[in-house]
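The numbers here are math on the coordinates, done by the rules we state, and not lab data. None of the values given here were measured: they were computed from a predicted structure. Here the Cβ positions follow ideal geometry from the backbone for every residue, glycine too, while neighbour counts run over all protein chains shown.
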Amino acid sequence: MKFLLDANMPRTALALLRQHGHEAEHVRDLGMGADTDASIDDFARRSGLIVVTRDLDFADVRQFPPESRPGLLVLRLADASTASDVVAVLARFLSDTTLVGQIPGHLVILQSDHARFRPPLKP
């Protein structure tokens, strides 16, 4: 899969995604570190990239309907979470390849102990 990390994601998450065999870019490396959410979303859609972010604005399904996107992965963690905390939560999620394979067309709200998919996954 191909991912685009938002400016609020640590660079160590970039390395983690690559270690799991995924392609990954960071908005800062693309000169987009100060871009708006809409600009990042547009670039991700045109490039077929799943956005990985801690920005809860991306969880607004009215503004960013997941069905029309490669996928959105929003980490909902405490503000005081360290880069290590973020990477640990992401690593647990990435270890479940079945869930990772379900990202396209979904918004995934990833918390420290579970992941919620919108629209919900079909049984």
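Points worth noting:
- Computed [θ] at 222 nm, helices only, for the chain once each DSSP H run of length n ≥ 4 contributes -39500 (n - 2.57): -8500 deg cm²/dmol
- Put simply, the convex hull of the Cα atoms in the range 29-70 casts, on average, a shadow of 3.0 nm².
- Spherically averaged projected area of the convex hull of Cα atoms, the range 84-123: 2.8 nm².
- Comparing V108, V61, V51 in a Gaussian network model of the chain, where Cα atoms under 10 Å apart are tied by springs, the biggest mean-square fluctuation is seen for V61.
- GNM flexibility winner over the chain from G105, G71, G33 (Cα, springs under 10 Å): G33
- Excluding exposed DSSP-loop trypsin sites (Lys or Arg not before Pro) (at most 16 other C-beta within 10 Å), longest clean stretch of the chain: 1-61
- Label assignment, mean projected area of the Cα convex hull in nm² derived from the structure, set (1) 6.9; (2) 8.5; (3) 9.2: (1)
- For the chain, built as a Gaussian network whose Cα springs stay under 10 Å, the top-fluctuating residue of D79, D57, D96: D79
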